[in-house]
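The values are calculated or read from the model by the stated rules, or taken from the named source; none is laboratory data. Note that this is a predicted model, so its numbers are computed, not measured. Here the Cβ positions follow ideal geometry from the backbone for every residue, glycine too, while neighbour counts run over all protein chains shown. Accessible surface areas use protein heavy atoms only, side chains included; no ligands, DNA or RNA. Shrake-Rupley method; radii C 1.70, N 1.55, O 1.52, S 1.80 Å.
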Amino acid sequence: MIGFRNASKDRAGSRVRRLAGAGLVLPLAVSALLAGGAGTSAASPGDGPTAVVSMGDSYISGEAGRWKGNSLTNSGNRAGTDRAWISGGTYDPGKVYGTTAGGCHRSDSAEVRSAGPIADVAVNLACSGATSENVFRASNGGVAFRGEAPQADQLAAVAAANDVKIIALSIGGNDLGFADIIKNCAYDFIIWNSYCHDDQQYGVDQKIDRVMADVGKSVDEVRAVMRAAGYADASYRIVLQSYPSPIPRGAENRYTQSDWSRLNTGGCPFWNRDSDWARDSLVPQIAQRIKGVAAAKGVQFLDLRDMLQGREVCAKASKLVTTAAPASAKTSEWARWIDSSETQGLVQESMHPNHFGQLAAGRCLALVVAQPASGGFGCKNTAGADQTGMYLTPAP
């Protein structure tokens with residue numbers, strides 16, 4: 001997504017122009033990144049180490065896992081929020097993203113790696129910026145991305161070398177154009193003094209049927225690969241998940257919309273009406289449509305729409321990290337703010353669950369896997385608790 005938190009109080013200024021030049025890529029996140037490492041010899045279903053695999057975009061690849069909350073401190077370890085800090089002014093994003101730094105951004109705290117011991121091996125095939133066509137097999141319209149083969153083709157090798165038990169899939173956000181939605185809504189706050197929700201809702205409505213058809217095809221592609229590898233459908237589960245809202249409702253924002261602290265301090269430059277639309281209309285609309293795809297394809301649904309409730313960027317119930325308020329999953333924000341000036345990290349990290357948010361997503365996956373494979377669940381957080389306070393509800 002984008003980053004709009006400015007170090008200065010200059011309203012639009014050079015940093016806003018930087019945003020326009022940056023292109024505002026919203027990656028909703030090879031060699032597979034393995035926790036524990038996959039075996040190299042082929043295995044029949046039921047042989048080899050058990051595996052959990054993540055596929056799709058930035059919301060499951062681990063984008064923004066570098067950050068433990070948000071801090072206005074731009075030097076050193078950014079008040080303890082920057083996990084890529086080495087010393088002085090030296091940073092190495094590879095500490096968090098490994099060889100995928102600057103690309104797929106598969107972090108060390110990505111959902112499948114934060115879920116705990118739900119399988120022997122955790123394989124992260126998801127990639128920041130991926131769309132559905134980057135999931136499809138090349139033989140069925142799939143397209144390589146960031147120098148890697150389509151994810152379904154990568155899955156074939158993983159399925160042959162492991163006993164795959166769980167496949168978590170997050171896809172569709174980039175197909176809908178989340179980057180443009182966020183960019184336009186931010187511009188309407190900063191430059192045009194107008195709302196974005198009406199125009200953006202129209203655009204979503206024009207695209208969503210096609211996008212959901214491609215989400216369904218993504219599930220079909222996963223099934224086809226697994227069947228070709230000798231797996232029965234009932235021998236593993238697919239968990240199809242929706243997206244959380246990274247920004248709060250207008251009334252839950254700790255910065256008033258009448259001044260520029262939303263932009264300059266909080267990094268959440270959106271009008272109340274646009275925030276309410278995103279939180280209570282757009283995110284639920286996408287979740288309900290993905291739930292429909294899950295039901296139609298016979299896979300499990302994980303609804304994450306409320307996962308960040310009260311932990312969003314600028315939420316009243318959370319706070320920026322300072323020396324007086326150290327980084328903590330109990331008090332800090334769980335999503336990365338908008339920082340278009342790139343004084344801290346990359347633009348592509350903005351508006352994604354950060355390290356704390358990814359720990360929460362991992363806990364949600366673990367909770368769902370502990371349930372029967374049929375049915376859908378929502379996952380919510382407990383106010384004032386860390387990721388261990390996540391709990392399931394029936395999917396809305």
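Picking from Ile182, Ile171, Ile238, Ile190, which residue would you name as being over 18 Å from the mean Cα position of the chain (by Cα) and either more than 27 Å from Pro396 (Cα to Cα) or of a type outside the set (D, E, K, R) (or both)? Show your work before the answer.
Numbers: Ile182 fails: over 18 Å from the mean Cα position of the chain (by Cα); Ile171 fails: over 18 Å from the mean Cα position of the chain (by Cα); Ile238 fails: over 18 Å from the mean Cα position of the chain (by Cα).
On inspection, the qualifying residue turns out to be Ile190.
Does Gln257 satisfy being open to solvent by 10 Å² or more (accessible area, probe 1.4 Å) and in a helix (DSSP H, G or I)? For Gln257, the condition - open to solvent by 10 Å² or more (accessible area, probe 1.4 Å) and in a helix (DSSP H, G or I) - is not met. In region 152-175, the residues that are of a type outside the set (Val, Ile, Thr) reach residues that are in a strand (DSSP E or B) and open to solvent by 10 Å² or more (accessible area, probe 1.4 Å) with C-beta atoms within less than 9 angstrom, at least six apart or across chains, in these pairs: Gln154/Glu148; Asn162/Thr50; Asp163/Thr50; Lys165/Thr50; Lys165/Arg237. Which of the residues spanning region 122-139 are surrounded by fewer than 24 Cβ atoms within 10 Å (Cβ to Cβ) and closer than 21 Å to Ala161 by Cα? Matches in region 122-139: Phe136, Arg137, Ala138. Within region 213-235, being under 18 Å from the mean Cα position of the chain (by Cα) and hydrophobic (A, V, I, L, M, F, W, C) holds for one residue alone: Val215. For region 289-316, residues that are crowded, with 16+ Cβ neighbours inside 10 Å and in a loop (DSSP other than H, G, I, E, B) total 12.
Among the numbered conditions (1) aliphatic (A, V, I, L, M); (2) more than 26 Å from Lys217 (Cα to Cα); (3) crowded, with 19+ Cβ neighbours inside 10 Å, the only one that Ile86 does not meet is (3). Kindly evaluate Val112 against the criterion of being hydrophobic (A, V, I, L, M, F, W, C), within 19 Å of the chain's Cα centre (by Cα) and not in a loop (DSSP other than H, G, I, E, B). So Val112 fits the description; yes.
At pLDDT 95 or above, closer than 28 Å to Arg210 by Cβ and open to solvent by 10 Å² or more (accessible area, probe 1.4 Å): which single residue out of Arg146, Arg113 fits that description? If you could, list the steps in order and put the result at the bottom.
Values: Arg113 fails: closer than 28 Å to Arg210 by Cβ.
Within the list Arg146, Arg113, the selection yields Arg146.
Scoring Lys319 on the criteria (1) basic (Lys, Arg); (2) under 26 Å from Gly250 (Cβ atoms); (3) touching a helix residue (DSSP H, G or I) at 6+ places or on another chain (Cβ under 9 Å) leaves a single failure, condition (3). If you go through region 316-348 and keep only what is aliphatic (A, V, I, L, M) and in contact with a strand residue (DSSP E or B) (Cβ under 7 Å, 6 or more places away or on another chain), you end up with Val321, Ala325, Ala335.
Filter the helices (runs of 4 or more DSSP H) completely within region 1-97 down to those with at least 1 residues that are modelled with pLDDT of 95 or more and more than 14 Å from Thr343 (Cα to Cα).
Details: elements: 13-22, 58-61, 94-97.
Correct list: 58-61, 94-97.
When region 327-352 is examined, which residues are found to be touching a Leu at 6+ places or on another chain (Cβ under 7 Å) and in a strand (DSSP E or B)? Matches in region 327-352: Ala335 only.
Once region 372-394 is narrowed to residues that are hydrophobic (A, V, I, L, M, F, W, C) and within 24 Å of Ala315 (Cα to Cα), the residue that is surrounded by the most Cβ atoms within 10 Å (Cβ to Cβ) is Cys379.
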